[in-house]
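Take a look at the structure below.
What follows draws every value from the coordinates through simple rules; no lab data is involved. Since this is a predicted model, take the numbers as computed values, not measurements. No Cβ is skipped: glycine too gets one built from the backbone with ideal geometry, and neighbour counts run over all protein chains shown.
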Amino acid sequence: MPQTPVASLPRHESALTPMAFVRAVVLAYERYGADPSAALRLAQIAPSSLRDAQARVSARQFEALCRAAMQELDDEALGWFSRRLPWGSYGLLCRGSLTAPDLGVALKRWCRHHRLLTEDLLLHLELRDGVATLFLEERRDFGALRELCLVTTLRYVHGYACWLIDSRIPLLGTEFPFARPAYGDAHGLFFPGPVRFGAERASLCLPAQYLELAPRRDERSVHAMLQNALPLTVLQYRRDRLLASRARACMAARPDDAHTAATLAAALNVSTRTLHRQLRDEGTSLQELKDAVRFERAAQLLRQGRQPVKQVALAVGFASEKTFARAFGAWAGRTPSAYRDAPRTDALARRGHRGAAGDDGLQ
């Protein structure tokens, strides 16, 4: 992979990556008795800034630093493990999961293949109650390199998973087994969603439904991606292939809520602008999703046949039975009363058909 030239580094990109992560890379150079000066210069990071605990660098600066360090030290793990991971090791992990039938199998392969690289840090994937949890098992003392090791490992897996299925994958929560550092806000940028410190182990949780999505990449695309691994480590995917279904499920789970764009976006951990844009890209809208959820709820209540149509209308948010009947007619092509009677009519028709068939059989 070619190194990022100094001229390509943006001058006005936001500096969000803590200097502590830069110092951890410098520690890798110290472990191998090497000089980090060239890598720092390539990334446009002044050596004097290493002493500033409040200083930060941009994502591209940090990516350029790490790329140079991995190549110079021939260790993609940057000194974390008891043995080097030679240049190209994580590329093998990417290619090893590329042909999986779905993301779930791909992540299981990643966890299994990672153990072939090192047993100092094991990755495990668990599924329970619709939640997939990826957690890390530490089998050595990583010392001052621990935080960068755990953060980067989780970002590698999450970033690769998003890239593989070409979709943003929301995180239900991320946990780390160390105290919240002074720059703890940065972790929320790397892992959008709830972040908790002082946990038993490092882990991240995501909706299990994403594991069912099939990969959308091939060998050619993985080769292109590995030329610039930035999307894997520091950038967030904007597009969520399951956002519409997640929004719909969220509304269905809380039918009595108003579900404004703001409240729904907050529940889905996206901005209102992103919510509207991605729904539009999927060929739908917030109002269409609301209508679909209201119709499903109304249809369920009507099939139960226990409430008058007027009460069903109120239950799904309509002020009048007339307005509800007009909307329901547009959705179902029949009135609420006709829809309620339809199952009974269909059952009688099926029973009559069976009787006719029986009479034919006796003749």
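Each Lys or Arg adds one and each Asp or Glu takes one away; over the other residues whose Cβ falls under 12 Å from the Cβ of Glu76, this sums to 0.
Between amide H atoms placed 1.01 Å from N, distances below 5 Å from Leu16 occur with Val57, Ser58, Ala59, all of them 5 or more places distant or on a separate chain. Each residue of the range 103-116 was assigned a 3J(HN,Hα) from its phi angle through the Karplus curve 6.51 cos²θ - 1.76 cosθ + 1.60 (θ = phi - 60°); the sequence is 5, x, 5, 4, 5, 5, 5, 4, 4, 5, 6, 4, 5, 5 Hz, with glycine and proline shown as x. For Val195, the residues whose amide H sits under 5 Å from its own are Thr174, ignoring neighbours fewer than 5 places away on the same chain, with H placed 1.01 Å from N.
3J(HN,Hα) along the range 20-27: 4, 5, 5, 4, 5, 5, 4, 4 Hz, from the Karplus curve 6.51 cos²θ - 1.76 cosθ + 1.60 with θ = phi - 60°, whole Hz, x for Gly and Pro. Taking 27 Å as the straight-line reach from the Cα of Lys290, the lysines in range (excluding those fewer than 8 positions away in the same chain) are Lys310, Lys322. Between the amide H of Ala77 and those of Leu85, distances stay under 5 Å, these residues lying 5 or more places away or on another chain, with hydrogens modeled in the peptide plane.
Can you classify the chain as rounded, prolate or oblate using the Cα gyration tensor, where a ≥ b ≥ c are the square roots of its eigenvalues, rounded means a/c under 1.5, and otherwise it's prolate if a/b beats b/c and oblate if not?
prolate
Taking K and R as +1 and D and E as -1, what net charge do the other residues with C-beta under 11 Å from the C-beta of Ala325 add up to? Its environment carries a net charge of +3. The angle between the Cα long axis of helix 321-332 and the longest principal axis of the Cα atoms of the chain comes to about 70 degrees, rounded to the nearest 10.
Neighbouring Cβ atoms within 10 Å as the yardstick, rank Val22, Val195 fewest first. List each step's numbers first, then the result.
Working: Val22 25, Val195 21.
Ranking Val22, Val195 by Cβ neighbours within 10 Å, fewest first, gives Val195, Val22.
Before anything else, pin down the relative contact order of the chain: Cα pairs under 8 Å, at least 6 apart, normalised by residue count, whole percent. Here the relative contact order equals 12 percent.
Projecting the Cα atoms of Ala38, Ala214, Ala182 onto the charge dipole of the chain (Cβ charges, centred on the Cα centre) puts Ala214 farthest toward the positive pole.
As a footprinting exposure proxy, order His259, His223, His114 by other Cβ within 10 Å, with the fewest listed first.
His223, His259, His114
Grab the Cα-Cα distance for Arg41 and Arg115, subtract it from 0.36 nm times how many residues apart they are, and report the gain in nm with one decimal. Intermediate results must be reported in sequence, preceding the final value.
Details: separation 74, 0.36 × 74 = 26.64 nm, distance 3.42 nm.
Gain in length upon complete extension: 23.2 nm.
By definition, a body whose alpha carbon gyration tensor gives a ≥ b ≥ c is prolate when a/c is 1.5 or more and a/b is larger than b/c, and the range 181-326 fits this prolate description. Using the Karplus relation 6.51 cos²θ - 1.76 cosθ + 1.60 with θ = phi - 60°, the per-residue 3J(HN,Hα) values for the range 216-227 come to 10, 10, 9, 4, 5, 6, 5, 5, 5, 5, 5, 6 Hz, with x marking Gly and Pro.
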